[in-house]
Amino acid sequence: MTQDTASISLGRETAIAFSGKVVLAALGFAGVVYFYRELGPATIGIYYTVLAGGKIASQVPGGFANAIHKRVSEVDTPTAEYFSFGLGVYLLAVALGLVVVALSPSVVYELVPTGEHLVGGFLIFASLGLFVLTNRVYAAIGNPGLSFWTDTVRSLLTLLAQLALVVLGYGEFGLIGGFVFATVVTGLGVGLLTRVRPSIPSRQTVARTFEFAKWSVPTSVTQNLYNRVDVLVIAFLVGSEAVGLYEPALRLTVPATFIAQSIGESLVVKVSGLHSLGDDIRSDLRNAVSYTSLFSIPIFFGALAIGRELMRTVYGPSAVAGTTALVGLALFQLLNTYTIPFDKVVNGVDRPQLQLYAGLLTLAIHLPLAFYLGAPSRLGLEGVVAATVVAEFARLVAYQLMARNLFGGWIVTRPVGEQLLSGLVMFGAVSLAVDAVAVRSWVTLVVHLGFGGVVYFGALVVVSRHFRGTVRNVAEDTLAGS
């Protein structure tokens, strides 16, 4: 049964989602550190290449899942009909996927070594399609925060299964098998949590799903292609070992998106509910933009100040070669945290075509630039990352232009400037601290990171009255709902 999504507390749901993201990332980070040290960059590079291909393919049924998520989150909708229609689309996509695997062109084998790896990519695609559908429905019926915790459970199961299979000697196939097993089990479990019984969809349900899906499917494919194509380009141009440097560096920047993603999931559900009632959503968008970069700013400045030491201490001396990529990815995440709320809002106000236009523009800039700069004769790994930064900046500009047309002005807020100022203060303090006390172990690394966090949030508390008030309001909402 759908709750009144227009009245959910954005602060409370964000806090619930954020806690899930922290645990999720901690599990993923622990896994990538162990697997990097145990298997080496080349082997985990193969796994992440297969994973990227599976994730990109899964966006076809995932786009329909996003359309169903949008419709179910509206007030008074037949959830069972939409869920059942989504299952039908998913099964059709899996059948078509089998045909594609059987007819795969030889160019695929430039990215993956064997046919077994290709089958592994198909299984990742099939398992993700199931999980995304059930989790999208679970979020849309009024559980946007808890849907992050179901993903956290999936991550825990994935890590445990992967550890067991790697210890048994299955290498990258152990990583693939563990991912597929955990994703299928969790997807089925979340389906039970929704408590939705299958129901034959009406013609209106099908029509309204397609009305949104005609935009959300190509948008999902475009966005995920943009998010994951770096891995495929790097594998094609430079090789799997470079992928094995890119992904560990990326994992260190993942916390940058915690706030943005936590806010975004709650924002799209609330905005959808408000829009279906004809209410204004500008204030919710401004509040979201004000704090999406709360973590990405210190992570970017931290990567500038201590990136080399971070890569060496966490992954070992061989990972130092990925330091420049780490800084570039941290900058990308900073820009990305500002685009996430716009992504969610245009869906919530039933304008998914705008998200598609922004995605196509971004890809049109990103792909040619990535192939040009990423060539081994030019910048290689760092060139692909640079192309991603340029493309993400273009996407942010495009969304700001859309916001001016949709909401009557730029969405730029004072708290963002206060966070940037606090980040600069932190950068200076950490740089001086590293010069005074070199990073020689995990202990000194953690001390420097903790010091940077204290300086950043201490400065933010001092300079930002808005931040102090927001912390107080979120705490009150969370405690009131517990």
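The values are calculated or read from the model by the stated rules, or taken from the named source; none is laboratory data. Just so it is clear, the structure is predicted and the values come from calculations on it, not from any experiment. Virtual Cβ from ideal backbone geometry, glycine too; neighbours counted across all protein chains shown.
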In the list T158, T186, which residue meets the criterion of being touching a Lys or Arg at 6+ places or on another chain (Cβ under 6 Å) and assigned to a helix (DSSP H, G or I)? T186
Consider L168 against the criteria (1) over 30 Å from S84 (Cα atoms); (2) out of contact with any Ser or Thr (no Cβ under 6 Å at 6 or more places or on another chain); (3) in contact (Cβ under 8 Å) with a residue 24 or more places away in the chain: it satisfies all of them except one. Which criterion is unmet? (3)
Please pick out the residue among F342, F371 that is over 24 Å from N405 (Cβ atoms) and touching a residue at least 40 places away in the same chain (Cβ under 8 Å). F371
For E211, are the conditions met, namely being charged (D, E, K, R) and crowded, with 22+ Cβ neighbours inside 10 Å? no
Note: among R414, R404, just one is under 29 Å from F457 (Cβ atoms) and modelled with pLDDT under 90, namely R414
Select, from A207, A213, the only residue that is in a helix (DSSP H, G or I), more than 21 Å from L367 (Cα to Cα) and without any contact (Cβ under 8 Å) to a residue 12 or more places away in the chain. A207
Suppose we filter A386, A398, A319 for residues that are hydrophobic (A, V, I, L, M, F, W, C), over 30 Å from Y34 (Cα atoms) and surrounded by 17 or more Cβ atoms within 10 Å (Cβ to Cβ); which single one remains? A398
Scan of segment 430-448 for residues that are in contact with a helix residue (DSSP H, G or I) (Cβ under 7 Å, 6 or more places away or on another chain) and assigned to a helix (DSSP H, G or I), ordered by number: V430, S431, A433, V434, W442, L445, H448
Taking segment 139-155 only, how many residues are in a helix (DSSP H, G or I) and not acidic (D, E)? 11
Of all residues being touching a Phe, Trp or Tyr at 6+ places or on another chain (Cβ under 7 Å) and either without any contact (Cβ under 8 Å) to a residue 12 or more places away in the chain or among the hydrophobic types (A, V, I, L, M, F, W, C) (or both) in segment 52-74, which is nearest to L356 (Cα to Cα)? Just the residue, please. A67
Quick count over segment 374-383, residues being touching a residue at least 60 places away in the same chain (Cβ under 8 Å) and crowded, with 18+ Cβ neighbours inside 10 Å, is 3
Limited to segment 407-436, what total is found for residues that are of a type in the set (A, V, I, L, M, F, W, C) and loosely packed, with under 12 Cβ neighbours inside 10 Å? 3
